[in-house]
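Undergrad: For reference, the structure I am asking about is given below.
None of the figures in this text is laboratory data; all of them are computed from the coordinates on show. Everything quoted here is computed from the prediction, not taken from an experiment. Neighbour counts run over all protein chains shown; Cβ positions are idealised from the backbone, glycine included.
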Amino acid sequence: MKQCKKINQLMADAVYGDLSETGKRVFQDHIDTCPQCAQDYDKIKKTLGVMEQRERPEMSTGFWDNYYQRLEEKLDHSEKLESKERRKQLSVAQPHDFTVSTVHEPPSKRRWLTYVLATAAVLFVAAGIALYMSSMYEEDEGFAAATAAIPSYNTAVSDHFDSVQPVLVDYANYTPSQNKPVYAAQNGGEDELVTIGKSAIKKLLLENQMLKRVVAKQKNIPAKQLLEELEVILLELENGGDDPRGTRQLIKELIDEYDILFKMDVYKKKRKQKTLSPTTSL
Amino acid sequence: MKEYEQRLALLASRGDRDAFRKIVEDNKKKIFYLAYDLTGSTQDAEDLSQEVFIKAYRSIDKFRGDASLSSWLYRITVNAFLDIKRKKSYNAEKQQDALDEGLASDPVFEQSSANRDPEKHAESKQIQMHIDQALEHLSPRERTVFIMRHYQGQSGKEIGASLGISTGTVKSLMSRALNKLQKVLGSYRHPLSGFARAAGKEAYQ
């Protein structure tokens, strides 16, 4: 059974001819003796046979000949917009039109106006960010009704995030020890590795997959996307055996790139608000 | 080739539109078809590929020449696609409508199939629809990994570099993609005919 699982993971490499000589022998020996794996491998090959039939559109000569012209029009247009935006920003930063007005306002009033405009800009941007975040995580109107029958799924997603977050925080905050050899010597040869057991990762991955299916059925797209991003990080945790330091660095980069800790916090806070709100049907 | 590309990139970074045009002409088909494979629509493919070239123009000074220009552009394409999926939560309703109408809504596809006999044409349309539906079942990353492996012939290492993930995770995503596709396409079983990784790369370049 364990061997079948390993062979299943090799099927993609096998079908594309990417196995080493040893790998090919091991793979073929198993396929020759395991009818189930042989059948699964056959199904994968036939699936790819169907996918091969995907047709590519034949774009006309005119399409290709004018491609650059259409691109250049877009590029020129976007450059014009950018330069307009830059001019606008400059005129906001400099409230006085020096070419027109000869009346000079006292310096204290000028400074006050600049502070007011800067504060308004900050508040405007903050409001924009808040609106964007709320729209990103806002459920459909029918969501409350749809999930009334399954009140626990939101809790399950939040619980999943609670399980994963401590691990990700460790990876996000990891910095290599300054005195690696000393630390390693004092700790039986082990460096400051942030580790999590393989069985724990597998459990989290299974949980993640189940929750993805549930949220997809509920058409909760933001939650699905968040779980998908989390899944990539969990896969890195699962696969990162040979190069612990490289894996740690990669996971840290993914956490930053996806901004996943922040998004999980926002999700849990919104869930909490909905649970506490008297108007919710959850 | 490397020096040629580095020279072009340097000129383009200084605002030389002719150099930039050369970069576009050399890579437009590759990037357009990668965008088509990712998005499934010629209109979206054109929008995405043009967005890629605009991004490339703005950041051409960052091209260091470690990899080829096309690899660099591939990476921009993949990231732009994933960004679109992340921000727009890619309109599932719009896609379903398109699938319901069938590929008849894509005039380019109709053009390419116009000369076939009606029965084969109908069967082909049906297969295309099922292929597109199967791809829709994949997550954006699974789809990207599958497309780059199967249709673009990229190696696990190249895909990992484009997505910023390890080859182990590329393999995991690929394995999941194949299992999902196999489940969805269960009713379509056609004999595998001369399939090879090299064929995938050549046929779709």
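Undergrad: As a footprinting exposure proxy, order A:LEU71, A:LEU19 by other Cβ within 10 Å, with the fewest listed first.
TA: Values: A:LEU71 22, A:LEU19 17.
Going from least to most buried by this count: A:LEU19, A:LEU71.
Undergrad: Just to be sure I understand the model, the point goes 7 Å from the Cα along the line to the Cβ. What's the resulting A:LYS217 to A:GLN28 distance in nm?
TA: About 4.4 nm separates the two model spin labels.
Undergrad: Multiplying the sequence separation of A:LYS202 and A:ASP76 by 0.36 nm and subtracting their Cα-Cα distance, what value in nm do you get?
TA: 40.3 nm
Undergrad: Average partner chain C-beta neighbours within 10 Å, per residue of A:70-78?
TA: The per-residue average across the peptide is 4.
Undergrad: Right, something else. Using per-residue counts of other Cβ atoms within 10 Å, averaged over each peptide, order A:212-221, A:58-67 from highest down.
TA: A:212-221, A:58-67
Undergrad: Please give the FRET efficiency for A:GLU257 paired with B:ASP117, using the beta carbon to beta carbon distance and R0 = 51 Å, rounded to the nearest 0.05.
TA: 0.55
Undergrad: Within the range B:41-59, whose backbone N sits under 20 Å from a point 7 Å along Cα→Cβ of B:ARG17?
TA: B:50-59
Undergrad: Using a Förster distance of 41 Å, how high is the FRET efficiency between A:SER91 and B:ASP66, based on the Cβ-Cβ distance and rounded to 0.05?
TA: The formula returns an efficiency of 0.50 here.
Undergrad: If each residue's Cβ is checked for other Cβ atoms within 10 Å, how do B:THR169, A:THR47 rank with the fewest at the top?
TA: With the fewest neighbours first, B:THR169, A:THR47 line up as A:THR47, B:THR169.
Undergrad: Simple spin-label model, 7 Å along Cα-to-Cβ: A:SER60 to A:GLN9 in nm?
TA: 5.1
Undergrad: Counting only other chains, and only Cβ atoms inside 10 Å, what mean value do you get across the residues of A:16-27?
TA: Working: counts 11, 4, 5, 0, 0, 0, 0, 0, 0, 0, 0, 0.
Mean partner-chain Cβ count within 10 Å for A:16-27: 2.
Undergrad: How about A:LYS269: which lysines have a C-alpha closer than 22 Å to its C-alpha, ignoring those fewer than 8 places off in the same chain?
TA: A:LYS212, A:LYS219, A:LYS224, B:LYS87
Undergrad: Let me ask something additional. Would you list B:HIS150, A:HIS30, B:HIS121 from fewest to most Cβ contacts within 10 Å?
TA: B:HIS121, A:HIS30, B:HIS150
Undergrad: Filter the cross-link list A:LYS24/B:LYS2; B:LYS85/B:LYS180; A:LYS202/A:LYS268 down to pairs whose alpha-carbon distance in this structure exceeds 28 Å. Write down the numbers at each step before the final one.
TA: Working: A:LYS24/B:LYS2 35 Å; B:LYS85/B:LYS180 19 Å; A:LYS202/A:LYS268 23 Å.
Among A:LYS24/B:LYS2; B:LYS85/B:LYS180; A:LYS202/A:LYS268, the Cα-Cα distance tops 28 Å for A:LYS24/B:LYS2.
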